[in-house]
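The values are calculated or read from the model by the stated rules, or taken from the named source; none is laboratory data. Just so you know, these numbers come straight off a predicted model, no measurement behind them. Every residue, glycine among them, receives a Cβ derived from its backbone with ideal geometry; neighbour counts consider all protein chains shown. Note: areas computed on protein heavy atoms with side chains; ligands, DNA, RNA excluded. Shrake-Rupley method; radii C 1.70, N 1.55, O 1.52, S 1.80 Å.
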Amino acid sequence: MTDLTPEQALSRLEIETPSWGYGDSGTRFATFQQPGRPRDVFERLDDAAEVQRLTGTAPSVALHFPWDQVDDLGALRAHAEQGGLRIGAVNPNLFQDPDYKLGSITHPDAGVRRKATDHLLECLKIAEELGSTAQSLWFADGTNYPGQDDLVGRRRRLLECLGEVYAALPEDQELLVEYKLFEPAFYATDLADWGSSLLVCQKLGERARVLVDLGHHAQGTNVEQIVALLGEEGRLGGFHFNNRKYADDDLIVGSVNPFELFLIFCELAGSEHPIPRLTIDQAHNVEAKVEAMVLSVVNIQEAYAKALLVDRDALAAAQAAGDVLAGHSALLDAYRTDVRPLCAKVRAGLGAAEDPVAALRASGYVEKITEERGATAAVAGGWGR
Ligand code: RM4
Ligand code: MN
Ligand code: MN
């Protein structure tokens, strides 16, 4: 738990935004291109820099490879730094190449596993060049039918490949291992839950930790309890923030279930461990992308602000006395506080906007990028670009 005042703690909050959250994304059915959408990773960084300018709390950008591949990584890094940004986690993409139809690091064919492992190894080098300190791994690997492949065999292949990657992991990088209940595989996902990721991390070593994506659980799962347990084990590597109603909906964080977000931050704010890497992982399919990102950052700021206001002494006293509803009230009192003035003050202190959404709308930024980058293209594009 922090000794800082809520204002000081809030000023230090850092959210990583995802390059792929600025580019095109779609559903299984369609991708609707937006006017002013970035045409390449440099323009995605420009949008991220605008989000940082408005919020003061989004100083790093997670990248996805090969979506964000460029010939000159040095130029990419310099472009980020010119925009006041750092490169955040590197996310290797092992789910779009046709070779990965039946899996990547779990694939029954050793040649495909080699190719997948080589991409992971290449991403270690990419991260070094970009000054990134994390590999954020999500695997689409899984099977659709009972009998399609051997479950134990797949597990062994996964561990063998990740063992090779971990052995090559530079000292200043960590490995974040994400899990997801289902999709794209529907019968058995190889890393389906926090337990299967945690076991992998424990086998690999101390710099391997679990990444929690809020949209990757069964309905009703108590995510804040997962956060508490992983934190206690020292294995909470970070988050992919978003919100969901049904599955991995990738909606704006805090839009559907702000109370869950608050409870997650209560665990983080009350923990003895430092706040882990906080990344947004969203797909803005129909909403304005830059504004959606700004709103996401603001929602996270507000959830954290409320969590920092929890009267911890009152909470502990109520819990020790077995006073169920006094403990519950300690949380509700904080949750019901209007923290918008506090967040506005903190942002102003950071040189950002008191009201970032209003400031974005007034700034003409979206009109400017629409003018520069062109309006909607006629042909629908792919994901992440
Ligand atoms: C997955 C998962 C990954 C993200 C991709 C785009 O569902 O959340 O973290 O990189 O989507
Ligand atoms: Mn994710
Ligand atoms: Mn996801």
ask   = Looking at the range 1-91, which chymotrypsin sites (Phe, Trp or Tyr not before Pro) are DSSP coil and have at most 11 other C-beta atoms within 10 Å of their C-beta?
value = PHE29
remark   = Cα-based Rg and Dmax for the chain, in Å, come out at 20.8, 65
request  = Please give the FRET efficiency for SER363 paired with GLU128, using the beta carbon to beta carbon distance and R0 = 41 Å, rounded to the nearest 0.05.
outcome  = 0.70
task = Would you please calculate the Kirkwood hydrodynamic radius of the range 267-376 over all C-alpha pairs and express it in Å, rounded to one decimal?
result = 16.7
query = Can you give the Rg to Rh ratio of the range 52-211, both from alpha-carbon atoms, with Rh computed by the Kirkwood formula?
reply = 1.00
For the chain, built as a Gaussian network whose Cα springs stay under 10 Å, the top-fluctuating residue of ASP190, ASP281, ASP333 = ASP333
query = Among LEU63, LEU309, LEU325, whose mean-square fluctuation peaks in a Gaussian network model of the chain (Cα, cutoff 10 Å)?
reply = LEU325
message = From the helices alone, meaning DSSP H stretches of at least four residues, give me the mean residue ellipticity at 222 nm for the chain, per-run term -39500 (n - 2.57), in deg cm²/dmol to the nearest 500.
response = -14000 deg cm²/dmol
task = Just the Kirkwood number for the range 198-336, please: inverse of mean 1/r across all distinct Cα pairs, in Å, one decimal.
result = 16.0
inquiry  = Please check: in the Gaussian network model of the chain (C-alpha springs, under 10 Å), which one of VAL294, VAL152, VAL70 has the largest mean-square fluctuation.
reply    = VAL152
request  = Report in % the part of the accessible area of the range 29-158 that belongs to carbon and sulfur, leaving out ligands and nucleic acids; probe 1.4 Å.
outcome  = 52
message = For the chain, what is the number of Lys pairs with C-alpha distance below 29 angstrom, counting only pairs 8 or more positions apart or on separate chains?
response = 21
note = For the range 228-237, in residue order, the Karplus 3J(HN,Hα) values (coefficients 6.51, -1.76, 1.60; θ = phi - 60°; whole Hz; Gly and Pro = x) are 4, 5, 5, x, 4, 7, x, 10, 8, x
ask   = What ranking, highest mean first, results for peptides 361-373, 191-203 when packing means the other Cβ atoms within 10 Å averaged over each residue?
value = 191-203, 361-373
inquiry  = I'd like the antiparallel share, as a percent to the nearest 5, of DSSP beta bridges with both residues in the chain.
reply    = 10
query = With N residues in the range 215-281, what two-decimal value do you get for its Cα radius of gyration over 2.2 N^0.38 Å?
reply = 1.06
ask   = So what is the accessible area of the chain per residue, in Å², with the probe set to 1.4 Å?
value = 44
key: Whole-Hz couplings from phi, Karplus 6.51/-1.76/1.60, listed for the range 201-208; x for Gly and Pro   = 4, 5, 6, 6, x, 5, 8, 10
request  = First compute the accessible area of the range 187-343 with a 1.4 Å probe, then give the percent of it belonging to carbon and sulfur atoms.
outcome  = 52
note = Expected unfolding gain across ALA78-ALA320 under the 0.36 nm per residue rule, minus the alpha-carbon gap, is 81.8 nm
